[in-house]
Each structure stands twice: as structure tokens, then as C-alpha cells.
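We did not get these values from a lab; they are worked out from the coordinates using the rules stated. Not measured: the values here are computed from a predicted model. Note that we place each Cβ from the backbone using ideal geometry, even for glycine, and neighbour counts take in every protein chain shown.
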Amino acid sequence: MAKRRQALQNTADLALDRTFTMPLHRQLYDRLRHAILSGQLHPGQVLPSTRALASDLGISLNTVSHAYEQLCAEGYIERKVGQGTRVAYDLPETFFLPRGVSQRKTAPDESTHATLFLSHLGEDLTRQAPVSSIQTYLRPTPSRAFRTGIPDLRAFPFQQWNQIAAHCARSMLRNMAAYQEIAGYYPLREMIANHVNITRGVHCQAEQVIIVPGAQAALDMAARLLLNPGDLAWVENPGYLGAQRALLNAGAQLAPIPVTSEGINVEIGQKRYPQGRLAYVTPSHQFPSGITMHLSQRIALLQWAKQANAWILEDDYDSDYRFSGRPLDALQGLDLAQRVIYIGTFSKVLFPALRIGYLIVPPPLVPPFLSLCSSTHIHVPILDQLTLEAWMTKGYFLRHIRRMRDLYAARRALLIESLQKELGGSIEVQPPQAGLHLMGWLPPTLDDQQMAQQAANCGLEIIPLSALTLGSSQRGGLVLGYGAVNEQEIQAGVRQLASVFPS
């Protein structure tokens, strides 16, 4: 025991910050991973037992176990019965080194050392652990059950798309090879405005539409323009970690607001965080619960924003894939005080590599948003914009949505049926009304982190609800995506998932 405790004293400072919004198990994961990669913990070095480390740090045994399990799953440590926990001899980062290249780090020279001086933001980003739920669908590997946030790329008409792209390149690109409008290709902005006005109840003109490289870029821009460091930002809890990161990178303090059966609880937000300057919400299809925000909460949120002179970021992801009736009108369409910034993307409707998203902003915000665009990406690649506009003009866009909506509805039904058949009362599913994923609630006796890890060992990709929750979650759950997997893969995946549940 003394030897193991001595090993801990040789690592970087493992003190955890209980006031930080990042969960404790993630902080511990991050610090241990950094100690391993920096050489402070050497290959083969014995680590303290989970019980000893929990005692040293004054944290729960589960917190240490979750951090160790993540490190073990990613190949940073090895755990063997009777031999304890050791730093792995072959680290994941060395898999990509050319053969013969040593993983040992030499002392940095002055030029190398100079690159280590970062801004406060850079240091924060370096310390932060990877966001597993974002990385899950950012990997360029074939999708597996039940990865979230990915449409079925096998069902996309790439030949049709390529033909249009080739035509645009031959007939239009030569005349548009110079810098273009910062806000984006105007005919595409008109098409987007028409689409959301008709299908989503948005009230806007093409001049309010700004094309950006995806929804994450939109979140980052909005956070930086609308918040000062230290400002409070309401976020749904549980909620989307990509939005939380964008807000944190802008220096905001996250104010977690619980999500009820009616959506984000505005009353609790006003009581706990009356100084909130911004609220990030997914009202049409809350991530990850799938709940649709009730009209009363929508009105209350808009009233709060008007009275508090605050902003609302409405992320309307997956809104085109609603399975019962027409898509609900957007929050932006109810906004008379011009406090809502509407965010949309084509990544989940078409394909993720098409980095085209859009902001719809109140007219007074158009100039500052365009100014920020001019100092970052200037504009999205013009050929992609030309192709998308032509694809929409020819009617292929709406045709594709209708076809995929039917496909995803069938997969949703099959996943629910398979879960009920294989797992019965071991998982509680509330059928979502839209989107490409669903939530499966676990019994109180099951730990969702452990269940997700055991599922990963079987080749499944599942996000535990607690990973999306600020603070402790009252009940564990699993987020299961069904967009990128076919019927056979869904049924096989559910059988694999059922095998990790206790009998």
C-alpha cells in the first residue's frame, strides 16, 4: 500500500475542483491521462487501488472507478486480477508513430518550450478531458449500433449529389472563384429562409440568414458575441455537451436548469439564476430526452428573455424528422422581442461532411455576426453552397427528407419493439416524436456508466445519461441512436445490449 501511495505522490497534482462544472470523474480522468502522457507516470507503474485513491482524494469509490474504467477502455492503463492497476506499456498515442520512433520525450529546446505558453482558454482546453458524447459521432469510422447524431449515409443519393456538384463546378464555379458574400450564397439563403418559414413557422428574411460551417460554429460565434466572461448561461440539464463547451470557451458560467416533462423549467431558472444572460435550448426535440417543450414553457422563456434583456439560442436539430404530424413551430416564430437566435444544420439531414449550418439572427445582430465571420472563416466553400442550393431548387431536398423520415420511423419502431422483447422491464423507453435517437431509462440499481462501458466491450457505442448531466443524475439512462444502423444491425445490437444486463 505504501508503494502505491508513493506512486501517486509522484504524479501531477490530482486535487479536484468541486466548484467546476466538469464532473469529478472526468477531472480525475483528465489529470491521470495528462500525468501518463507527460511521463510523470511511467509505463508499467502501479497505480493506487480505487479504494486507496478515493480515500486520498476524499471522493467516492464510484468516481475513481469511472475514471479508471475510461482510462482502461482507451488503453492508458491495464487492470489484471491479482496484479492491480498499472500504466499501459503501449499507449494509444504511440499506435500512430512510425516504427522505430520512440515514445519517450526528450527535453524540449527553447522553440518547443515556447509553444507551451497558452492563453487561459488554451490552458483550459488542454486540461479538459475529451467530450466522449461528441467524439462518439465525430469519429471517421464506420457507424455501429447505437451511435448518435449520424444519419444513414448508405441511403443518401450521392450519385445524384455528385452530378449536381459536377454541373455547378463546370457552369458556375469559374464565375464565382473570387471571395463571396460573407453571409453566404444569397440564393441558398433564400431557399433556407423559405424552407424554415414554411415548415418551422420561423419569421425571417434571407438577409437574416448567415451560412456558417456547421451548428457548432454557430454556437461558438453566438456565445462569443453575446456573452462576457463570467456571464451566466442557462443550459438544459441533462443537455448537449457541445453547446456547454462553446459557452465555457466564451468564459460563461454554466447554470444547469432541470428538464421536466414540459422541457426546461423556466421557473427554477428564474429562482436559481436570475442574472442569466443567455439560455441554450432544444425546444422541438430536447437532447437527449426527446421531450418537446410545452407552449407554456416557451412563452415563459420568451417573457424571461424580454424582461431580463437576455438571449435565447434555439438549436433546432433534427426538426425535419418528426414522426407524428407536421414539425412544431419554432420558438423563433413566437418571438416578438427579437431575443431568439435560431440555429440549424444540414449535417444530420444530408451528411456530416457537408459542413453547412446556418444562423437566423434578429436584424440588429446581423452586422456584428458578419464582422465576426470576416475574421474567422470568411465564408463557407462556395461549391458546396452552389450544390446544396441547386439540390434544394430541384426538389431533391424535400424528397429526401420524406423518404428518410419514413425510414427512420420504421427503425425507431423496430428498436422500441426489440428493446421490449429482449429487455422487458429492464429498460424503460418513451418513444420520441422526432429525431434519430431515443432514451432508455435504467432501474435505480444499475449504473449507466458501467452499463455503457460493458456495452462498449461488446462493440456498441452508447452514451450514458450521466455523461450529459451537470452534477449527479437522479436516474441512469442510455442514449441509443438508430439513424445510422439498419434493421439487422438494430436487432443484433439489442441482443448484444441485453447480454450485458444482469439476469
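Give the calculated FRET efficiency between residue 307 and residue 42 to the nearest 0.05, with a Förster radius of 56 Å applied to their Cβ-Cβ distance.
On the way: r = 58 Å, r/R0 = 1.03.
Once the sixth-power term is evaluated, E becomes 0.45.
Relative contact order (percent) for the range 405-486, with alpha-carbon contacts under 8 angstrom and 6 or more residues of separation?
It rounds to 31 percent for the range 405-486.
Only Lys, Arg, Asp and Glu count, each charged at its Cβ (+1, +1, -1, -1), so figure out the dipole size of the chain about its Cα centre, rounded to 20 debye.
The calculated dipole for the chain is roughly 600 debye.
Ignoring everything except DSSP H segments at least 4 long, calculate the 222 nm mean residue ellipticity for the chain; use -39,500 (n - 2.57) per segment, divide by total residues, nearest 500.
Rounded to the nearest 500, it is -12500 deg cm²/dmol.
Find how much the distance from residue 60 to residue 489 grows on full extension, using 0.36 nm per residue of separation minus their present alpha carbon separation; answer in nm with one decimal.
Gain in length upon complete extension: 150.7 nm.
Restricting attention to the range 385-479, which trypsin sites (Lys or Arg not before Pro) occupy a DSSP loop and are surrounded by at most 16 other Cβ atoms within 10 Å?
Filter output for the range 385-479: 394, 475.
Under 11 Å from the 7 Å Cα→Cβ point of residue 73, by amide nitrogen: which residues of the range 435-465?
Flagged as within label range: 448-465.
Taking θ = phi - 60°, what integer Hz values does the Karplus form 6.51 cos²θ - 1.76 cosθ + 1.60 yield along the range 173-187, in sequence order, with x for Gly and Pro?
So the Karplus estimates, Gly and Pro as x, are 5, 4, 7, 10, 7, 7, 4, 10, 4, 4, 6, x, 4, 4, x Hz.
What is the order of 204, 72, fewest Cβ neighbours within 10 Å to most?
Result, fewest neighbours first: 72, 204.
For the pair residue 155/residue 52, report the inter-label distance in nm, with labels modelled 7 Å from Cα in the Cβ direction.
About 5.3 nm, to one decimal.
Collect residues whose amide H, placed 1.01 Å from N in the peptide plane, falls under 5 Å from the amide H of residue 85; neighbours closer than 5 in sequence don't count.
47
Can you sort 335, 447 by how many other beta carbons sit within 10 Å, fewest first?
By the 10 Å Cβ count, ascending, the order reads 447, 335.
D for the chain, whole µm²/s, Stokes-Einstein with Kirkwood Rh over alpha-carbon pairs at 4 °C and 1.567 mPa s: what number?
In µm²/s, the coefficient rounds to 53.
Could you please rank 406, 315, 220, placing first whichever residue has the fewest other Cβ atoms within 10 Å of its Cβ?
Details: 406 11, 315 27, 220 22.
Going from sparsest to densest Cβ surroundings: 406, 220, 315.
Which residues does the label zone of residue 378 cover in the range 147-185, counting backbone N under 11 Å from a point 7 Å along Cα→Cβ?
Counting only backbone N, you get 178-182.
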